[in-house]
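Quick note: the coordinates plus some simple rules give every number you see, no bench work behind them. Model, not experiment: these values are computed from the prediction. Because the Cβ atoms are built from the backbone with ideal geometry, glycine has one as well, and the counts that use them run over all protein chains shown.
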Amino acid sequence: MSFIGKDVVDFKVQCYQENGFKEVTKEDILGKWSVFFFYPADFTFVCPTELNDLAEKYDEFKEAGCEIYSVSCDTHYVHKAWHDASDTIKKIRYPMLADPTGVLARGFDVMIEADGVAERASFIVNPEGKIVAYEVIAGNVGRNADELLRRVRASQFVAEHGDEVCPAKWQPGAETLKPSLDLVGLL
């Protein structure tokens, strides 16, 4: 089952960001590009390496007009505790969404019910609130912020230039492809 084109579920969750708590809703994500970056849990091993990688690229995501939302099934209080305890997590400036009831994890269909945690998954969401790209991978394999940023930029490019497509390893400014009319239906 594909999630491409699926609307993000209505949600209202708490988040921890810049030493404070605030509410984030679906309305807050509309009108801009977003990445929902699910990870299993705070105080774990692979997750801080990924979240740090995103923190180091955060300014580039913001320059691309994209907000990052990290998401785990922990509470916003646990996010704060992790932030206070970890030099790595202290670097994070993007919102850390708290999903203790699993509304987001279930809405994006990444909840591991038996464990009460989310799969390791990334979703790129367009300004209309629709999923345009995603990946779900094994919990013991970390993701790459450079590749995620490349896919955000490629998704933005094709949204603006509907008659062009981005080939493998495409970067902004590189050549794109213009499908012939015979092949358009095969994309």
* Asked: In percent, what relative contact order does the stretch 1-43 have, based on Cα pairs under 8 Å that are 6 or more apart in sequence?
  -> 26 percent
* Asked: Under 5 Å between amide H atoms, partner at least 5 residues away or on a different chain: which partners does residue 118 have, H built in plane at 1.01 Å?
  -> 73, 112
* Could you compute the FRET efficiency for residue 158 and residue 25, with r as their C-beta to C-beta distance and R0 at 22 Å, rounded to 0.05? => 0.20
* Structure fact -> Label model pair residue 9, residue 41: point-to-point distance (7 angstrom along the Cα→beta-carbon line) in nm is 2.1 nm
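What is the stretch 1-86's relative contact order, in percent, from Cα pairs under 8 angstrom and six or more apart in sequence?
Details: 79 pairs, mean separation 27.6, N = 86.
Dividing the mean separation by the residue count of the stretch 1-86 yields 32 percent.
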* **Karplus (6.51, -1.76, 1.60) ³J(HN,Hα), θ = phi - 60°, over the stretch 95-107, in Hz, Gly and Pro reported as x** => x, 9, 6, 9, 10, x, 8, x, 4, 6, 4, 6, x
* Structure fact -> Zone reached by a paramagnetic label modelled 7 Å from residue 60 Cα along Cα→Cβ, restricted to the stretch 128-156 with backbone N below 13 Å, covers 144-154
* To do: Can you pull the one-decimal nm distance between simple spin-label points at residue 93 and residue 113, each 7 Å off the Cα toward Cβ?
  => 4.1 nm
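Computed over the Cα atoms of the chain, what is the convex hull's projected area averaged over all directions, in nm²? Kindly include the intermediate steps, with their values, before the conclusion.
Numbers: hull surface 43.5 nm².
For the Cα atoms of the chain, the hull's average projected area reads 10.9 nm².
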